[in-house]
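Asks: First the structure, then my questions, so here it is.
The values are calculated or read from the model by the stated rules, or taken from the named source; none is laboratory data. What you are looking at is a predicted structure, and each value in this text was computed from that prediction instead of being measured. Glycine also receives a Cβ, built like all others from the backbone with ideal geometry; neighbour counts cover every protein chain displayed.
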Amino acid sequence: MKISEVCELLEAKIICDTKQDHTLVEKGYSSDLMSDVLTLDTDHLLLITGMCNLQTIRTAEMAEVRYVVFVRNKKATKEMIALATEHGICLMESPYTMFKASGLLFSAGLKPVY
């Protein structure tokens, strides 16, 4: 699924310009527990989370997650955007709940991690 399709499905906007709107993501993972994210195989993974802080960006960088959607209308700070840009992480913001976002993406064909 293209990042542009993710944004369309979730009424999300890209807030970190990484020029990855045509990149494909194959799997999705929803969690607010960053320790769980560190245990994943993250190739072409989309992280769906309501945990909106610098630790999320640091975790994504360590786990090599390149695509993060913040749900529940959470807003990234300037510091988060700068850190994500530095590490090539695409950040998106969606007004939907984690449950709704996950369901829409799954229904559209995004595969779960497990």
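Asks: Quick check on the stretch 56-109: of everything there that is in a strand (DSSP E or B) and out of contact with any helix residue (DSSP H, G or I) (no Cβ under 7 Å at 6 or more places or on another chain), which residue is nearest to GLU8 (Cα to Cα)?
Replies: If we take residues in the stretch 56-109 being in a strand (DSSP E or B) and out of contact with any helix residue (DSSP H, G or I) (no Cβ under 7 Å at 6 or more places or on another chain), then GLU93 is nearest to GLU8 (Cα to Cα).
Asks: Return the residues of the stretch 25-43 that are assigned to a loop (DSSP other than H, G, I, E, B) and under 11 Å from the mean Cα position of the chain (by Cα); say none if nothing qualifies.
Replies: VAL25, SER31 - these are the residues of the stretch 25-43 that are assigned to a loop (DSSP other than H, G, I, E, B) and under 11 Å from the mean Cα position of the chain (by Cα).
Asks: Please name all residue pairs, on different chains or six or more residues apart, with Cβ atoms under 8 Å, provided the first residue is in the stretch 91-102 and is over 11 Å from LYS74 (Cα atoms) and the second residue is crowded, with 20+ Cβ neighbours inside 10 Å and at pLDDT below 95.
Replies: LEU91/CYS16
Asks: Then there's this: Pull out all pairs, ordered by first then second residue, where Cβ-Cβ is under 7 Å, the residues are six or more apart or on different chains, the first lies in the stretch 1-22 and is closer than 20 Å to PHE106 by Cα and basic (Lys, Arg), and the second is modelled with pLDDT under 90 and part of a strand (DSSP E or B).
Replies: Close Cβ pairs satisfying both conditions: LYS2/LEU24.
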